[in-house]
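These notes are about the structure you will find just below.
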Amino acid sequence: MKFKKFGKTLLMSALSAGVVIGISSCKQSYSVGFLYVTGTQTASTTGQGIISGFKIDHNTGNLTAIAGLPVSTGGANPSRAVLLTGGRFLYVLNRGTTTDGGPCSTTDVCSNANIAQFSIGGNGILAPQGIYYTQGNNPFRMIADSAGAHLYVLDHDAPSGAGCSLVFGQQTTTCGDITAFSIDPTTGRLSYLLNSQVTSASGAPLPYFPVPAEPIDFALASNYFLTLSGTPATGDSVFPYAYNNSSGQLTVNQNTSQPLNINAGTAIVSAGGEIYVLDDGLNTNQPPTNGAIYAFKPGTNGSLQAEADGYIPDNPTYSYPNYVLAANGKAFVYILNQGDNANTTNAQSGIASFKLTNPFQLQPISGATGSTGGTGAGPQCILEDPSNQFIYTANFYSSTITGLSINQNAGDLTPLSQATKAKDSYALPGPATWCVVTGRTS
């Protein structure tokens, strides 16, 4: 097809105008990603958990509900969710329920616990794909490797004392376990990854990986799976499994745990190349208050090597630190605090903000113990949006999502209403339990 000279002139003029308009337009509004929040629905009588979803506006951080959501999580009491790299599949861990409605325990095991798989459509809608089950009892934590090839679930109670004794000696009759799965790269389906190192009495591979009793949390850091376990009476310690990033296998290099000299651990988190252990015990603030953060580097055989300046008291007005986020290329570290009670008027919940320097030091961004960021009551999770501009928390007691803007130079957090004129808080149908974000756009 040929253009006449006059037609070419019009075409070039139009193209030029388009370039000018593209450059000179003030702002283009589009979604930078999808934010999903698991939780429960206050008015529901089914007992099922739900997934709410929102589009994130790249200019303001404003959240817009995704049409067709919330949807059922496929089980009761969702506790964690994992969104694979690339944003194609979402997995939700449903803890199930006990016979009397109380918390899961060794003597009152939660029934109908499962892992529900969802596919994510181009508009952010979720479609259920399958249901899977762990090998142990009372699952409560779940993470995936960075390649999205394997999924791991921490069960509070192993299915058999025999498996515990195979790793920790004949005197050990109770323990927790990790159930491992391989993920099909095309369909996202899960298949069990058996323990190639430990076999049962019949010679068959053990279908799970034992961890010490009373597990609290686990993390994948520098080719090691680290499980935080313990009670106030026994003290907390960390047990390592060596991790093969190709096969997904976990192997034991030592069958003893590393004591941490704390007894109120709440979480272990790998963030920004550091390993953080969070503790709700008394710290060195004056007067002493609950909450402290310990920073480590991975050492030989998965041992933890304390950073020289690795003890950080929590903000004195907060309690129960429960997660760590390293944001803006690891430059800023945000400590999330859940608070110890359900009192929505008590300022125990919030974010303490620090600047990470090398050699390791967490420098308070402002004030003696780090600048603070507001959250709703009882925040369960914290994340950074795909454009690295905004931070969101999902809050259990206030049934909300809270949005904050990151000062890219200083690292302090500002309510969205002050930074971008967006809303600060977004209502959820009920208490939130976890949140994930994907960079897929629409």
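Kindly check whether there is at least one residue in region 185-192 that is of a type in the set (S, T, Y) and over 21 Å from L220 (Cα atoms). Before the answer, list the steps.
Start the filter on region 185-192 by keeping residues that are of a type in the set (S, T, Y), which leaves 186-187, 191-192.
From what's left, over 21 Å from L220 (Cα atoms): 186-187.
For region 185-192, residues of a type in the set (S, T, Y) and over 21 Å from L220 (Cα atoms): present.
Those residues that are at pLDDT 95 or above, under 20 Å from D145 (Cα atoms) and surrounded by fewer than 18 Cβ atoms within 10 Å (Cβ to Cβ), I need them from region 226-251; list them, please.
Of everything in region 226-251, those that are at pLDDT 95 or above, under 20 Å from D145 (Cα atoms) and surrounded by fewer than 18 Cβ atoms within 10 Å (Cβ to Cβ) turn out to be A242, N244, S246, S247, T251.
Taking region 154-172, which residues are assigned to a helix (DSSP H, G or I) and hydrophobic (A, V, I, L, M, F, W, C)?
A162, C164, L166, V167, F168, listed by residue number.
Quick one: in region 292-309, which of the residues that are among the small types (G, A, S) and in contact with a Phe, Trp or Tyr (Cβ under 6 Å, 6 or more places away or on another chain) is modelled with the lowest pLDDT?
We begin by selecting, within region 292-309, every residue among the small types (G, A, S); these are 292, 295, 299, 302-303, 306, 308.
Applying the additional criterion that residues be in contact with a Phe, Trp or Tyr (Cβ under 6 Å, 6 or more places away or on another chain) yields 295, 302, 306.
Details: A295: 98, G302: 94, A306: 97.
Of everything passing the filter in region 292-309, G302 is modelled with the lowest pLDDT.
What's the number of the condition P103 fails, among (1) more than 20 Å from F396 (Cα to Cα); (2) out of contact with any strand residue (DSSP E or B) (no Cβ under 8 Å at 6 or more places or on another chain)?
Result: P103 fails condition (1) only.
Can you give me the number of residues within region 61-71 that are polar (S, T, N, Q) and assigned to a loop (DSSP other than H, G, I, E, B)?
Adding up the residues that qualify gives 1.
Quick check on T227: is it within 22 Å of G161 (Cβ to Cβ), in contact with a Pro (Cβ under 7 Å, 6 or more places away or on another chain) and β-branched (V, I, T)?
Answer is yes for this residue.
Could you grab me the full set of residues in region 101-112 that are at pLDDT 90 or above, out of contact with any Asp or Glu (no Cβ under 9 Å at 6 or more places or on another chain) and not hydroxyl-bearing (S, T, Y)?
Within region 101-112, C110, N112 meet the criteria.
Residues to consider are P128, P78; find the one that is surrounded by 20 or more Cβ atoms within 10 Å (Cβ to Cβ) and at pLDDT 95 or above.
P78
Which numbered condition in (1) over 25 Å from S146 (Cα atoms); (2) touching a residue at least 40 places away in the same chain (Cβ under 8 Å); (3) surrounded by fewer than 18 Cβ atoms within 10 Å (Cβ to Cβ) is the only one that D57 fails?
It fails just one condition, (3).
Could you list, in sequence order, all residues of region 16-60 that are part of a loop (DSSP other than H, G, I, E, B), modelled with pLDDT of 80 or more and under 25 Å from V92 (Cα atoms)?
Residues satisfying the conditions are Q41, T42, Q48.
Filter region 88-103 for residues that are of a type outside the set (D, E, K, R) and touching a Pro at 6+ places or on another chain (Cβ under 9 Å); which is nearest to D385 (Cα to Cα)?
The extreme case among them is V92.
Can you pull out every residue in region 283-303 that is in contact with a Ser or Thr (Cβ under 9 Å, 6 or more places away or on another chain) and more than 13 Å from L226 (Cβ to Cβ)?
Residues satisfying the conditions are N283, N285, T289, N290, G291, A292.
Going through S387, S425, S366, S399 one at a time, which residue ends up being surrounded by fewer than 24 Cβ atoms within 10 Å (Cβ to Cβ) and on the phi > 0 side of the Ramachandran plot?
Matching residue, one of S387, S425, S366, S399: S399.
Do we find that L416 is touching a helix residue (DSSP H, G or I) at 6+ places or on another chain (Cβ under 8 Å), buried (at least 18 other Cβ atoms within 10 Å of the Cβ) and farther than 24 Å from T289 by Cα in this structure?
no
Taking L304, is it under 20 Å from L413 (Cα atoms) and either in contact with an Asp or Glu (Cβ under 9 Å, 6 or more places away or on another chain) or not β-branched (V, I, T) (or both)?
So L304 does not fit the description; no.
Quick one: N407 ticks every box in (1) touching a residue at least 40 places away in the same chain (Cβ under 8 Å); (2) surrounded by fewer than 22 Cβ atoms within 10 Å (Cβ to Cβ); (3) more than 19 Å from G33 (Cβ to Cβ) except a single one, so which number is it?
(1)
The values are calculated or read from the model by the stated rules, or taken from the named source; none is laboratory data. All values reported here derive from a predicted model rather than from experimental measurement. Neighbour counts are summed over all protein chains in view; Cβ atoms, including those assigned to glycine, are modelled from backbone coordinates with ideal geometry.
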